[in-house]
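Computed from the coordinates by the stated procedures, all read-outs in this text should not be read as laboratory data. All figures in this text were calculated on a predicted structure; none of them were measured in a lab. Every residue, glycine among them, receives a Cβ derived from its backbone with ideal geometry; neighbour counts consider all protein chains shown.
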Amino acid sequence: MLLLSETLPAPPPPGPVFPKVYPEIDQDILTESENFTGGQPYEMFARLRAQAPMSWQREGSNGPGFWALTRYEDVMRVDGDPKTFSSQKGGILMTYGPKESRHPLLFRASVDAMINMDAPWHLQLRKEHMPHFTPAYLAALREKVAAETTRLIDDMAHLGECDLVERLSAQLPLFTLCEILGVPQSDRPKFITWMHYLEVAGYITAKQRKEPQLTPELMKFVKAFNENVAEMFEYGQHMLQKRRADPKPDLMSAIARATLDGELLRNEYLDGSWLLIVFAGNDTTRNTISGSMKLLTEFPDQRRSLMADMSLLPNAVDELIRMVSPVIYMRRTATADTEVGGQKIAEGEKVIMYFSAANRDPAVFPDPDRLDIRRANAAKNIAFGFGPHVCIGKRVAQLQLEEVYRQLLSRLPDIEYAGGIDVAPNNFVHAIRKLPVRFTPERRAAAQ
């Protein structure tokens with residue numbers, strides 16, 4: 001069983017091969033993680049959709065460059081055609097950097113994972129996960145999520161103000177993921193720390209590449225980063241090997257005992273599966289919970305409508321997910337010369353699908369920058385992808401958001417974003433590290 005990390009092809013020479021149909025605009029913005037600390041560049045995405053929907057983007061002085069897709073139609077076309085646009089040929093990240101600057105554990109695990117596989121391997125592994133995402137399983141999970149949401153709100157309701165990420169947004173997805181995986185209660189706090197470091201992994205790698213002489217403060221952070229990443233993988237290997245020997249009715253056992261072509265996964269693929277589930281199972285839901293609070297504060301009329309009719313909540317969740325779009329992009333690599341949106345693309349060239357741009361395409365979502373909880377086609381958002389690689393945990397994320405906002409708006413009806421959002425330097429996911437909120441505190445019952 002070959003490792004994807006050992007077969008990842010060398011980057012193509014600087015391109016593009018074929019003439020550009022559209023002009024180059026807004027160069028270098030999409031490749032710099034620091035540019036995303038103020039939120040996603042929606043104005044830039046709108047400009048690209050209007051002037052260069054198949055935009056060629058350069059990657060500094062050495063990168064080969066890539067095609068940036070910002071129209072809904074084009075993103076759907078590419079994500080729905082895995083034969084022409086491969087996840088496996090180059091991985092799903094924009095770049096993995098030069099070999100000398102790659103973090104050995106993170107690079108290998110980020111490549112040797114189901115999300116980077118094409119058929120038939122992708123389908124084989126996906127089937128192993130499916131029993132933990134069936135309607136019957138999710139119905140039982142919803143009861144646990146509802147109870148944990150109540151507990152978390154109980155703990156914050158008397159405060160009057162707090163950081164929503166610390167108190168709720170980071171805690172609930174962690175609880176849900178650990179319930180699905182079967183992680184012991186005592187080990188769960190470690191996951192929040194690991195997520196803190198994983199979200200800045202790309203930024204740290206780029207910083208080390210640009211500035212070989214790091215400041216003492218950054219050197220200290222890099223040391224802590226490396227120690228936490230090592231601890232995360234050591235824990236994952238320990239637990240997965242434990243489940244191989246003594247399986248339980250949980251997702252961790254399904255991952256540990258999964259097979260490709262009839263063989264148990266190599267340890268390298270176990271690392272990849274562990275990284276994928278820890279990151280994807282935590283990050284997207286956490287950031288959507290936080291981003292949704294900010295949106296409901298910015299659109300008070302929609303908030304009032306939702307509170308007046310909570311039957312609108314499922315559609316409102318789809319609309320909130322559309323607008324937050326926690327995963328900013330996914331990459332594919334062309335397997336043959338092809339054409340998208342009138343632009344010829346050469347075999348081997350990178351194609352980046354900007355989900356957050358597609359989800360605000362006015363051709364599909366009229367008045368796309370406005371939250372509309374009654375939007376008729378809100379469920380057409382592609383925040384979780386499309387086609388064979390659509391996120392397997394999509395429904396889990398939706399049910400958590402439904403429970404959070406059903407209870408939050410009932411218990412703390414005037415809760416609102418208080419300013420001071422902190423977003424990590426990350427151009428792959430919209431990673432909200434801090435979101436202050438304020439509300440009228442609930443009065444605690446007098447002690448008996």
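Quick notes on this one:
- Taking a ≥ b ≥ c as the square roots of the eigenvalues of the Cα gyration tensor, region 4-438 is classed as rounded, since a/c falls below 1.5.
- Approximating the spin labels as points 7 Å out from Cα along Cα→Cβ, the Glu6-to-Gln185 distance works out to 4.4 nm.
- Rough spin-label spacing in nm, given labels placed 7 Å along Cα→Cβ, for Asp422 and Leu264: 4.2 nm
- Our summary gives the chain a relative contact order of 27 percent, counting only alpha carbon pairs under 8 angstrom and 6 or more residues apart.
- Over 25 Å apart at the Cα level, from the set Lys190/Lys223; Lys344/Lys380; Lys89/Lys190; Lys207/Lys350, are Lys344/Lys380; Lys89/Lys190.
- Beta-bridge orientation, the chain: approximately 85 percent antiparallel, per DSSP, counting only bridges with both partners inside.
- Leu306, Leu123, Leu141 arranged by Cβ crowding within 10 Å, fewest neighbours leading: Leu123, Leu141, Leu306
- Sequence-distant contacts, meaning Cα pairs under 8 Å at least 6 residues apart, place the relative contact order of region 231-300 at 26 percent.
- Counting only residues at least eight positions apart within a chain, or on another chain, the lysines with an alpha carbon under 21 Å from that of Lys127 are Lys83, Lys248, Lys394.
- In region 230-332, trypsin sites (Lys or Arg not before Pro) in a DSSP loop with at most 14 other beta-carbon atoms within 10 Å: Arg257, Arg266
- This model, with +1 at the C-beta of Lys and Arg and -1 at the C-beta of Asp and Glu, gives the chain a dipole about its Cα centre of some 400 debye.
- Backbone amide hydrogens, once placed in the peptide plane, bring Val429 within less than 5 Å of Ile328, excluding anything fewer than 5 places away on its chain.
- Around the amide H of Val423, modelled in the peptide plane, lie the amide H atoms of Arg433, all under 5 Å away and 5 or more residues distant in sequence or on another chain.
- As a proxy for reagent exposure, ranking Lys99, Lys350, Lys344, Lys89 by other Cβ atoms within 10 Å from fewest up yields Lys99, Lys344, Lys89, Lys350.
- DSSP-loop trypsin sites (Lys or Arg not before Pro) across region 15-87, with at most 12 other Cβ within 10 angstrom: Lys83
- For the chain, with +1 on Lys and Arg beta carbons and -1 on Asp and Glu, the positive-most of Gly393, Ser101, Ala140 along the dipole: Ala140
- Qualifying trypsin sites (Lys or Arg not before Pro) in region 378-435, where qualification requires a DSSP coil assignment and no more than 12 other C-beta atoms within 10 Å, are lacking entirely.
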